[in-house]
Amino acid sequence: MMHNTHDVLHRLSETLTSRRNADPESSYTAQLFAKGPDSILKKIGEECAELIMAGKEGNKLHVVRESADVMYHLMVLLAFNNLSIDDLLQEMRRREGISGVDEKKSRTSA
């Protein structure tokens, strides 16, 4: 049975929010929350570097797995800031149909 493609992201977003006050001994996500934004941002940087290396080697499975790691840690950062996948999707919808050049110009002039 085919599920809505972003259902898994909504479930993950809810799970991450529920881990905010979980025991860091029992939850990796709770450990990240407990360590704070610098730790979360460091993990995003590490995972992005791993994704870059995977992209350079051209192994599709490795690219997908590293992309999932980046997405997970990005969503941890969103949850840490009391945001969810819905906030990200709303911004993506706002940008839909807008030229990337125009969108970038709108951010630099704002």
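The values are calculated or read from the model by the stated rules, or taken from the named source; none is laboratory data. Quick caveat: nothing in here was measured; it's all calculated off a predicted structure. When we count neighbours, we look across all protein chains shown, and the Cβ atoms used for this are built from the backbone with ideal geometry, even at glycine. These area figures cover heavy atoms from the full protein model, side chains too; ligands, DNA and RNA do not enter into them. Shrake-Rupley method; radii C 1.70, N 1.55, O 1.52, S 1.80 Å.
General remarks:
- Within segment 88-107, the residues that satisfy the criterion of being open to solvent by 70 Å² or more (accessible area, probe 1.4 Å) and either in a helix (DSSP H, G or I) or in contact with a Phe, Trp or Tyr (Cβ under 9 Å, 6 or more places away or on another chain) (or both) are 90, 92, 93, 94, 95, 101, 102, 104, 105, 107.
- The residue that is nearest to residue 14 (Cα to Cα), among those in segment 36-83 that are within 15 Å of the chain's Cα centre (by Cα), of a type in the set (Lys, Arg) and loosely packed, with under 15 Cβ neighbours inside 10 Å, is 65.
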